[in-house]
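*Asks:* Provided herewith is a single structure, encoded as structure tokens, for subsequent inquiry.
Rule-based calculations on the coordinates, nothing more; no lab input. As the structure is a prediction and not an experimental result, all values here were calculated from the model. No Cβ is skipped: glycine too gets one built from the backbone with ideal geometry, and neighbour counts run over all protein chains shown.
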């Protein structure tokens, strides 16, 4: 089940590893639509943009390699990718993530793209949650809400201290 749809991502991975721009571009429909939900402004339409993107990637990361796993039904492929290489400036290039492809006639007609640079040396999960909440606070101006989420016991204690002696929280 899904073998023909899965064949698309196998061809795409092979073309990536071969740095074969023609084979890679042939994996996409002329009216291909790419959506990047975490970065909506990065979405685009068209095979020509696929070509421009990959010409730049191959030039900037001449030793780029890709590994990929997939599962598919007849017209949709969920694929998990890892891409590695060294940029021309000597810096490592390392991406991981998921790309979901819609497939018609052995071509990708659309994708939802969740491939991101791998972050090393970043915060642990607690630090990441704090950072996300801090950004939300800046965006919305709701600092106290994030504080209560991060430290609910402290919020409860401080609220009880503000109550008159003998009063109970509702």
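*Asks:* Under 18 Å from a point 7 Å along the Cα-to-Cβ line of residue 42: which residues of segment 56-78 have their amide N that close?
*Replies:* Answer for this model: 56-61, 65-67.
*Asks:* Roughly speaking, what is the stretch gain from residue 132 to residue 74, that is 0.36 nm per residue apart minus the C-alpha to C-alpha distance, in nm to one decimal?
*Replies:* Once the chain is fully extended between residue 132 and residue 74, it gains 17.1 nm.
*Asks:* To make sure I understand, if each residue's beta carbon is the centre and we count other beta carbons within 10 Å, what order do 55, 41 fall in, fewest to most?
*Replies:* 41, 55
*Asks:* Further question: Over what distance in Å are the Cα centres of segment 65-113 and segment 18-59 separated?
*Replies:* Segment 65-113 and segment 18-59 have Cα centres spaced 11 Å from each other.
*Asks:* Decide, for segment 76-148, between rounded, prolate and oblate: order the square roots of the alpha carbon gyration tensor eigenvalues as a ≥ b ≥ c, take rounded if a/c falls under 1.5, and otherwise choose prolate if a/b is larger than b/c, else oblate.
*Replies:* oblate
*Asks:* Also, I was wondering about something else. Using 0.36 nm times the number of residues separating residue 118 and residue 89, minus their current alpha carbon distance, what extension gain do you get?
*Replies:* Additional length available on full extension: 8.7 nm.
*Asks:* Can you tell me how segment 55-111 classifies by the Cα gyration tensor, rounded, prolate or oblate, using a/c under 1.5 as the rounded cut?
*Replies:* It is prolate, given that a/c is not under 1.5 and a/b is the larger ratio.
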